[in-house]
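The values are calculated or read from the model by the stated rules, or taken from the named source; none is laboratory data. A quick note: this is a predicted structure, and the numbers were derived from the prediction, not measured. For neighbour counting, all protein chains shown are included, and Cβ atoms are generated from backbone atoms with ideal geometry for every residue, glycine included.
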Amino acid sequence: MRIAIQGGRVIEPGHLDAIADILIEDDKIAKIIKTDEIEPAKSTAASQMPDVRTIDAAAKIVCPGFIDMHVHLREPGHEYKETIETGCRAAAWGGFSAVCAMPNTNPVNDNGQITEYILSRAVQANFARVYPVGAISKGLEGQKLCEFEKLKASGAIAVSDDGLPVMDDQLMRKALELAKNCGLLVISHCENLNLNAGGVMNAGPTADQMGLAGIPNISESAMVERDIALSELTETPIHIAHVSTAESVRAIREAKIKGVAVTAETAPHYFMLTDEAVREYGTHAKMNPPLRAAKDRAAIRAGLADGTIDVIATDHAPHAAHEKTVEFDKAANGIIGLETAVSLGLKLVEEGVISISDLIEKMSTAPARILGLENGIRIGRPADITIIDPDVAYNVDATKFQSLSRNCPFEGWQLKGKPVLTMVAGQVIYEFDFE
Ligand SMILES: [Zn+2]
């Protein structure tokens, strides 16, 4: 099977930005022909070859497949929220050719059998690729390290206790040393439980006025600083998940200047919303870490712009309606994000915070680099490709989402630009129906 993607603006940050045709043979990129390098008479050469499906990408942006480093697929154990199949389909619809699956399932992905089960379900689903993240500690209990070698041998790409911090400093140090030995990335959910004050939203005037307990910024940033210190000590890379505070951005920026191997991600809700969203969206604005103050949102945007924050991930956290339609104190943390992330990223581009090339870097090439994955629009590489239409305007309608869950604060938002095609290994797994 051959596919020709024709006439699109092909962007691989730092490598290629040109109008070009891409020819895909089987699962690989076979040819890249810049339009200015071919004679007009031959520009349709690919489409005239037999057995070639042509995709018209004129006025669209063709990028390396997007990779979401932070997704909760909920299977095994919480299939009423999401399954690997629905989550991977939602990923494809959202423009992601691959996702990292966090280990807080039931049972926890703290052993090779669960890792292998997740991978087998992902193969059956046949949508986005899944890279399982194994747990750092057995049962996410923060007591005993998992067998990283076995997790890695079964297909885990990284380790994390995401959802919970590793509170024990010595255990985290050992985790980094062990991860270094077996070549696994450590992803840290940074939260000092002794400093979070039992809060349910960001500490500040909104929490005070609503009579809700607040979580101070330091509960995140103190842990970010500890993890940077441990990364420096052990000379082991660390990736900081879902950065939400100005103090965390500052700490990561300073660490990078010192040469510490720290990378970081944030999620669209942290650059789009503030804690005032809790008034309007209620429990659909409840997550951990919480939405912060306007000064934090500004710092997150500055961190994205200057490269302190390497990655935009979603922290896609599906929950059933009954877990959100309860009192704020008791509601589950998290929102779904796979099917809105690219459009919200494009909003950041439209607002002039980052360039389109930066957005592609943060959603594709940077996650690939951090995870050690092969991606990119290059001859011989796997044909994992995302095509974006920057002009299509639409209103967010969560009832149409592929995800099983509907906990989305962006419902009804008018957005412009969206993924229109996602390809994995030369296979189209999602194509937008223009009607
Ligand atoms: Zn987390």
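For the stretch 305-333, give me the residue count where each residue is under 27 Å from residue 406 (Cα atoms) and buried (at least 24 other Cβ atoms within 10 Å of the Cβ).
Filtering the stretch 305-333 for residues under 27 Å from residue 406 (Cα atoms) gives 311-333.
Now drop any that are not buried (at least 24 other Cβ atoms within 10 Å of the Cβ), which leaves 311-319.
The total comes to 9.
Applying a threshold of 9 Å to beta carbon distances and a minimum spacing of six or more residues, or different chains, the list of pairs starting in the stretch 378-404 at a residue that is free of Cβ contacts under 8 Å to residues at least 12 places away in the same chain and ending at one that is crowded, with 18+ Cβ neighbours inside 10 Å and part of a loop (DSSP other than H, G, I, E, B) reads 400/339. Within the stretch 276-285, can one find any residue that is over 24 Å from residue 185 (Cα atoms), out of contact with any helix residue (DSSP H, G or I) (no Cβ under 8 Å at 6 or more places or on another chain), of a type in the set (Gly, Ala, Ser) and surrounded by 19 or more Cβ atoms within 10 Å (Cβ to Cβ)? No, the stretch 276-285 contains no residue that is over 24 Å from residue 185 (Cα atoms), out of contact with any helix residue (DSSP H, G or I) (no Cβ under 8 Å at 6 or more places or on another chain), of a type in the set (Gly, Ala, Ser) and surrounded by 19 or more Cβ atoms within 10 Å (Cβ to Cβ). Restricting the stretch 280-314 to residues that are among the charged types (D, E, K, R) and more than 22 Å from residue 68 (Cα to Cα) leaves a set whose member that is nearest to the ligand (Cβ to nearest atom) is 292.
Look at residue 291 and say whether it is in contact with a strand residue (DSSP E or B) (Cβ under 7 Å, 6 or more places away or on another chain) and at pLDDT 95 or above.
Values: in contact with a strand residue (DSSP E or B) (Cβ under 7 Å, 6 or more places away or on another chain): yes; at pLDDT 95 or above: yes.
Yes, satisfied.
A quick yes/no check of all residues on (1) more than 22 Å from residue 310 (Cα to Cα); (2) among the polar types (S, T, N, Q); (3) more than 21 Å from the chain's Cα centre (by Cα):
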position: 71; (1), (2), (3): no, no, no
position: 82; (1), (2), (3): yes, no, no
position: 95; (1), (2), (3): no, no, no
position: 105; (1), (2), (3): yes, yes, no
position: 114; (1), (2), (3): yes, no, yes
position: 126; (1), (2), (3): yes, yes, no
position: 129; (1), (2), (3): no, no, no
position: 145; (1), (2), (3): yes, no, yes
position: 162; (1), (2), (3): no, no, no
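Looking across the stretch 152-171, just one residue is farther than 21 Å from residue 105 by Cα and either within 16 Å of the ligand (Cβ to nearest atom) or without any contact (Cβ under 8 Å) to a residue 12 or more places away in the chain (or both), and that is 170.
The residues in the stretch 384-419 that are part of a strand (DSSP E or B) and hydrophobic (A, V, I, L, M, F, W, C) can be counted, and the count is 6. Summed over the stretch 228-249, the residues that are touching a Lys or Arg at 6+ places or on another chain (Cβ under 6 Å) and without any contact (Cβ under 8 Å) to a residue 24 or more places away in the chain give a count of 0. Could you grab me the full set of residues in the stretch 332-347 that are of a type outside the set (A, V, I, L, M) and in contact (Cβ under 8 Å) with a residue 60 or more places away in the chain? 334, 337, 339, 340, 343, 345, 347 - these are the residues of the stretch 332-347 that are of a type outside the set (A, V, I, L, M) and in contact (Cβ under 8 Å) with a residue 60 or more places away in the chain.
No other residue among 103, 64, 107, 50 is of a type outside the set (Lys, Arg) and within 16 Å of the ligand (Cβ to nearest atom) apart from 103.
Just to verify a result, which residue in the stretch 1-34, among those that are in a strand (DSSP E or B) and acidic (Asp, Glu), is farthest from residue 358 (Cα to Cα)? Spell out how you get there, then give the answer.
Just the residues of the stretch 1-34 that are in a strand (DSSP E or B), to begin with: 2-12, 16-25, 28-34.
From what is left, the residues that are acidic (Asp, Glu) are 12, 17, 21, 25.
Working: 12: 10, 17: 12, 21: 22, 25: 29 Å.
This residue is 25.
Mind checking which residues of the stretch 175-225 are more than 16 Å from the ligand (Cβ to nearest atom) and of a type in the set (D, E, K, R)? 177, 180, 208, 225 - these are the residues of the stretch 175-225 that are more than 16 Å from the ligand (Cβ to nearest atom) and of a type in the set (D, E, K, R).
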